[in-house]
Ligand code: SER
């Protein structure tokens, strides 16, 4: 079974169980300052898991593109990836543990669906701790379905607790499903979850009962929910009896593109094979980030920085394979070809993907050349050292000033019969990181806000600002992005020129006037067509479900100030927002302006 068939079957199965298929969302989360990327299928659904009604109903299913970089060093082993696809089904206050586990079991084992033999499966459940008791209920359901006691592992919070996706949000105990890939256990304690490599996690049922708040406390959710996530790549791996995710059909064409560029055949040398895998993974991730409608580009902050690291790491591993010229964009083309069926945005953004990859690859090659030249300049002095040790401080200077990676300094040093004082380098690096963390902390200070009162106010202010900008600047103004923290909001919109001081004051006055009028904010669910016909604004490039929520700010559905398709939540009356101030108006990128604004009580 290939990835496409698995995706289709999953959706079909859950539709047959009364779930509505919803659209997966952007890789770059909206209005969530606590994370850089969408890390799980539940991520775009946080507000619904916290209690908002979803227009598509209480049972949902989708596939979602995700990025996780926490395990970037493990990429290239059998199962780790930075980009992956997640299949998920949700219950918003509908079925709970029993229903979720029974459906998971049926999909995994029924010959009509995946047909995995029960004896290949094992599960983990939450062991319990001071705060939450052991999950006997889940264990009992698994046993009733035929999973023997010795294939159920009771694990602590580190293993069997999921979430929140960022620092705050919905979370709870989970039950994970594993596939046994070995012949014999590694020892008497070899159970699902064992790190020996014989157990591969493929699916996770999370029982969302709590909301983790910014102060670290947990509040019980009024409505219990289920969030599940199945990794497509891992599941395809086990269904086809492959040794690693990179050996599946998902990576076949991408791998061949890397092999062509490197003139190397995969399967010969384990060290080189790992580099092939890393290039495959990182180019695929970069292609998806660049192909996202939210258009990120490589930079030194946030998501752009992660993108830059992925591209540069791919170039470095390409060099290890002997690739010297520009090689990434032809590999990216293969990724686009392969995935634009389920992700049409890739094809739409192909030109941008290629341009940005080429640009960054060239820039990095220049960095490498410059670093090499600097190293050569240092060489005569270095060679004078009888111990043949290059100081870590000097290596750090190459890194800090020219962006020259330490691994490459080490390679060059070895070629000259020298070593680098790595300890000293690591120390300098750590100090530097601590410094940037302290500086960066400012960016995330407000990030600990939950989807609480303040964020809700800013959501509503975003709609007011959007509309006011269109009134003052014209209908070409469209929202390009937004980001909310506890202290301020940021709003990106299309507009070709800096705003004049007078325009800024007018926009601010309009927003404050609507706040003063204390207009009601109301919500209706309708089809996207009906929403557009009613005059609602919808975000360009964003995917919507068939049924959408429309928020109206105004006296009545016809006599209104603003109407927008939006997931919410919003305040009930504009009067609660406080005083709105535009603090800054600046350029964001070509043709896009950025406003920072704040609400004061
Ligand atoms: N959110 C859970 C996970 O990522 C289930 O989807 O594992």
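Please count how many residues of the range 473-502 are modelled with pLDDT of 95 or more and part of a helix (DSSP H, G or I).
Here the count works out to 1.
Just checking, does the range 349-366 include any residue being surrounded by 15 or more Cβ atoms within 10 Å (Cβ to Cβ) and more than 18 Å from residue 326 (Cα to Cα)?
yes
Among 309, 284, 313, which is the only one that is within 17 Å of residue 37 (Cβ to Cβ) and touching a strand residue (DSSP E or B) at 6+ places or on another chain (Cβ under 6 Å)?
Numbers: 309 fails: touching a strand residue (DSSP E or B) at 6+ places or on another chain (Cβ under 6 Å); 313 fails: touching a strand residue (DSSP E or B) at 6+ places or on another chain (Cβ under 6 Å).
Exactly one of 309, 284, 313 is within 17 Å of residue 37 (Cβ to Cβ) and touching a strand residue (DSSP E or B) at 6+ places or on another chain (Cβ under 6 Å), namely 284.
Let me spell it out: the conditions are (1) surrounded by fewer than 19 Cβ atoms within 10 Å (Cβ to Cβ); (2) at negative phi; (3) away from the ligand (no atom under 16 Å from the Cβ), and residue 236 meets all of them except one. Which number is the exception?
Here residue 236 meets the rest and fails (1).
Look through the range 31-46, keep the residues that are buried (at least 21 other Cβ atoms within 10 Å of the Cβ) and away from the ligand (no atom under 13 Å from the Cβ), and return whichever of them is nearest to residue 304 (Cα to Cα).
Per the stated criteria, the residue is 36.
Here are the criteria: (1) surrounded by fewer than 19 Cβ atoms within 10 Å (Cβ to Cβ); (2) more than 19 Å from residue 3 (Cβ to Cβ); (3) at pLDDT 95 or above. Tell me which single one residue 337 does not satisfy.
Only one criterion in (1) surrounded by fewer than 19 Cβ atoms within 10 Å (Cβ to Cβ); (2) more than 19 Å from residue 3 (Cβ to Cβ); (3) at pLDDT 95 or above is unmet by residue 337, namely (2).
Does the range 550-560 include one or more residues that are modelled with pLDDT under 90 and surrounded by 15 or more Cβ atoms within 10 Å (Cβ to Cβ)?
Within the range 550-560, one or more residues are modelled with pLDDT under 90 and surrounded by 15 or more Cβ atoms within 10 Å (Cβ to Cβ).
Is it the case that residue 576 is surrounded by 14 or more Cβ atoms within 10 Å (Cβ to Cβ), out of contact with any strand residue (DSSP E or B) (no Cβ under 8 Å at 6 or more places or on another chain) and in contact (Cβ under 8 Å) with a residue 60 or more places away in the chain?
Yes.
Out of (1) closer than 25 Å to residue 291 by Cβ; (2) touching a residue at least 24 places away in the same chain (Cβ under 8 Å); (3) away from the ligand (no atom under 14 Å from the Cβ); (4) part of a helix (DSSP H, G or I), the odd one out for residue 13 is which?
Tallying (1) closer than 25 Å to residue 291 by Cβ; (2) touching a residue at least 24 places away in the same chain (Cβ under 8 Å); (3) away from the ligand (no atom under 14 Å from the Cβ); (4) part of a helix (DSSP H, G or I), residue 13 fails exactly one: (1).
Could you tell me which numbered condition residue 106 fails, if it satisfies all but one of (1) farther than 17 Å from residue 170 by Cα; (2) part of a helix (DSSP H, G or I); (3) within 12 Å of the ligand (Cβ to nearest atom)?
Against the list (1) farther than 17 Å from residue 170 by Cα; (2) part of a helix (DSSP H, G or I); (3) within 12 Å of the ligand (Cβ to nearest atom), residue 106 comes up short only on (3).
Could you grab me the full set of residues in the range 47-76 that are at pLDDT below 95, more than 20 Å from residue 100 (Cβ to Cβ) and within 14 Å of the ligand (Cβ to nearest atom)?
68, 70, 71
Taking only the range 142-180 into account, find how many residues are under 23 Å from residue 221 (Cα atoms), more than 14 Å from the ligand (Cβ to nearest atom) and buried (at least 21 other Cβ atoms within 10 Å of the Cβ).
Total meeting the criteria: 1.
Determine whether residue 131 is more than 21 Å from residue 79 (Cα to Cα) and either at pLDDT below 95 or in a strand (DSSP E or B) (or both). Explain how you work it out, then say what you get.
Details: more than 21 Å from residue 79 (Cα to Cα): yes; either at pLDDT below 95 or in a strand (DSSP E or B) (or both): yes.
For residue 131, the condition - more than 21 Å from residue 79 (Cα to Cα) and either at pLDDT below 95 or in a strand (DSSP E or B) (or both) - is met.
Considering only the range 334-426, give the helices (runs of 4 or more DSSP H) lying wholly within it that have at least 1 residues that are over 24 Å from residue 300 (Cα atoms) and touching a helix residue (DSSP H, G or I) at 6+ places or on another chain (Cβ under 8 Å).
Because the criterion is at least 1 residues that are over 24 Å from residue 300 (Cα atoms) and touching a helix residue (DSSP H, G or I) at 6+ places or on another chain (Cβ under 8 Å), the helices (runs of 4 or more DSSP H) in the range 334-426 that meet it are 345-348, 350-382, 406-415.
List the number of the failed condition for residue 55; all other conditions in (1) without any contact (Cβ under 8 Å) to a residue 40 or more places away in the chain; (2) surrounded by 20 or more Cβ atoms within 10 Å (Cβ to Cβ); (3) part of a loop (DSSP other than H, G, I, E, B) hold.
(1)
Evaluate the range 77-92: report whether one residue or more is farther than 17 Å from residue 204 by Cβ, at pLDDT below 95 and within 16 Å of the ligand (Cβ to nearest atom).
No, the range 77-92 contains no residue that is farther than 17 Å from residue 204 by Cβ, at pLDDT below 95 and within 16 Å of the ligand (Cβ to nearest atom).
The values are calculated or read from the model by the stated rules, or taken from the named source; none is laboratory data. Fair warning: this is a prediction, and the values are worked out from it, not measured in the lab. We place every Cβ from the backbone using ideal geometry, glycine too, and count neighbours over all the protein chains shown.
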